[in-house]
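Shown below is the structure under consideration.
The values are calculated or read from the model by the stated rules, or taken from the named source; none is laboratory data. Being a predicted model, the structure only gives us computed values, none of them experimental. No Cβ is skipped: glycine too gets one built from the backbone with ideal geometry, and neighbour counts run over all protein chains shown.
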Ligand code: ADP
């Protein structure tokens, strides 16, 4: 929707789980806005910092030498109180008192929902950028941090493959992604994994055993099973136990965990974040809000925020088929 409010001052925050590339996004937001004569505040520690009035004024140097670093210079947090409308009203008042005309939110689904409610309830101009390794935000083909997380996991699995091959072993490697299967699918395809297991599907241990045995028969010296963590890490131990019971295969477990969240962002994530920050500010200044900067068919475009609040998990069918076809 197009609106006419004159925006002279904005604030930017990062919220929820951190992701590599958030710093590039902050840099792009800050420098695009400064270049358009807008005053910019950074809010430290997400919505929690907003409620604590934790503002810092940003200039071009505030975002110097951060493009290559993972994490977020603004830091992040979870803030359960933000689910309450009276707490969001307090946040809006703090922004008003500070003279902030618009808010830029960099985060995942939860952070988008918080921003959307601020906009709905108080008419605050809000723009969101998808900062999450899970790649589960509706409306965007890719989120900032996903490519880096996949690359980190692929590097780790390649190393595990070396030892698995040398010792003729089966490894179960558990990757992050909460309820999203995107990381597992990409890592599975990119590492030539023999199986990919999703918590959302019932565990077919007979199928996994027979795939491993078929591989051994045709001369494979190792097998890698990629397992998506789901809500709680640890599914890989269940797979290990059942594999041993079913077919005597004694697999090793490796849970990659938080290493997938950190590290220097890939050029793909840096480029995406840089484009998204720029598009978000340009949209805001042309009165196009509330929106989410979204990557759609190769272009970064502003999409109505209300279209981007859901969780997507669209990769399952075609990428599962691809992984199966290539791992015979
Ligand atoms: P992410 O943004 O990475 O998905 P969370 O789901 O933890 O991470 O959300 C981050 C923060 O966004 C929460 O701690 C809370 O402050 C806010 N938030 C999440 N969901 C909502 C909601 N439905 N309403 C208001 N605020 C929300």
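Quick one: in the range 235-250, of everything that is free of Cβ contacts under 8 Å to residues at least 24 places away in the same chain and surrounded by 12 or more Cβ atoms within 10 Å (Cβ to Cβ), which residue is farthest from the chain's Cα centre (by Cα)?
244
State which residue is farthest from the chain's Cα centre (by Cα) when the search covers only the range 186-198 and only residues that are surrounded by 18 or more Cβ atoms within 10 Å (Cβ to Cβ) and outside any loop (DSSP other than H, G, I, E, B).
195
Suppose we filter the range 199-219 for residues that are surrounded by fewer than 23 Cβ atoms within 10 Å (Cβ to Cβ) and touching a strand residue (DSSP E or B) at 6+ places or on another chain (Cβ under 7 Å); how many remain?
Count: 5.
How do the pairs read when you match residues in the range 1-12 that are modelled with pLDDT under 90 with residues anywhere that are exposed (fewer than 13 other Cβ atoms within 10 Å of the Cβ), using Cβ under 8 Å and keeping only pairs 6 or more apart or on different chains?
Listed pairs, sorted by first residue: 2/286.
Let me ask something additional. For the range 3-27, enumerate the residues that are in contact with a helix residue (DSSP H, G or I) (Cβ under 7 Å, 6 or more places away or on another chain) and within 16 Å of the ligand (Cβ to nearest atom).
11, 12, 13, 14, 15, 16, 20, 21, 25, 26
Got a sec? Which of 131, 70, 114, 108 is closer than 30 Å to residue 267 by Cα, within 13 Å of the ligand (Cβ to nearest atom) and out of contact with any helix residue (DSSP H, G or I) (no Cβ under 7 Å at 6 or more places or on another chain)?
Matching residue, one of 131, 70, 114, 108: 108.
Can I ask one more? So, in the range 119-128, of the ones that are within 12 Å of the ligand (Cβ to nearest atom) and surrounded by fewer than 24 Cβ atoms within 10 Å (Cβ to Cβ), which residue ends up farthest from residue 275 (Cα to Cα)?
Out of the qualifying residues, it is 121.
For the range 283-312, how many residues are in a loop (DSSP other than H, G, I, E, B) and at pLDDT 95 or above?
Restricting attention to the range 283-312, the residues satisfying the condition of being in a loop (DSSP other than H, G, I, E, B) are 286-287, 289-290, 297-298, 309-310, 312.
With the extra rule that they be at pLDDT 95 or above, the set shrinks to 286-287, 289-290, 297-298, 309.
The number of residues fulfilling the criteria is 7.
Now a separate question. Can you name every residue in the range 33-49 that is surrounded by fewer than 24 Cβ atoms within 10 Å (Cβ to Cβ) and under 30 Å from residue 80 (Cα atoms)?
39, 41, 44, 45, 48, 49
Here are the criteria: (1) within 22 Å of residue 279 (Cα to Cα); (2) in contact with a strand residue (DSSP E or B) (Cβ under 6 Å, 6 or more places away or on another chain); (3) surrounded by fewer than 23 Cβ atoms within 10 Å (Cβ to Cβ). Tell me which single one residue 21 does not satisfy.
Exception for residue 21: condition (3).
Out of all the residues in the range 138-147, is one or more in a helix (DSSP H, G or I) and in contact (Cβ under 8 Å) with a residue 60 or more places away in the chain?
Yes; the residues of the range 138-147 include at least one that is in a helix (DSSP H, G or I) and in contact (Cβ under 8 Å) with a residue 60 or more places away in the chain.
Now for a different question. Can you list residue pairs whose Cβ atoms sit under 6 Å apart, with the first residue in the range 105-118 being in the same structural domain as residue 92 (by TED's automatic domain parsing) and the second being near the ligand (Cβ under 6 Å from one of its atoms) and assigned to a helix (DSSP H, G or I)? Count only pairs 6 or more apart in sequence or on different chains.
Once the first residue is in the same structural domain as residue 92 (by TED's automatic domain parsing) and sits in the range 105-118, its partners that are near the ligand (Cβ under 6 Å from one of its atoms) and assigned to a helix (DSSP H, G or I) give 105/111; 114/47; 114/82.
Moving on to the next point. Within 12 Å of the ligand (Cβ to nearest atom) and either in contact with a strand residue (DSSP E or B) (Cβ under 6 Å, 6 or more places away or on another chain) or at pLDDT 95 or above (or both): which single residue out of 33, 91, 102 fits that description?
91
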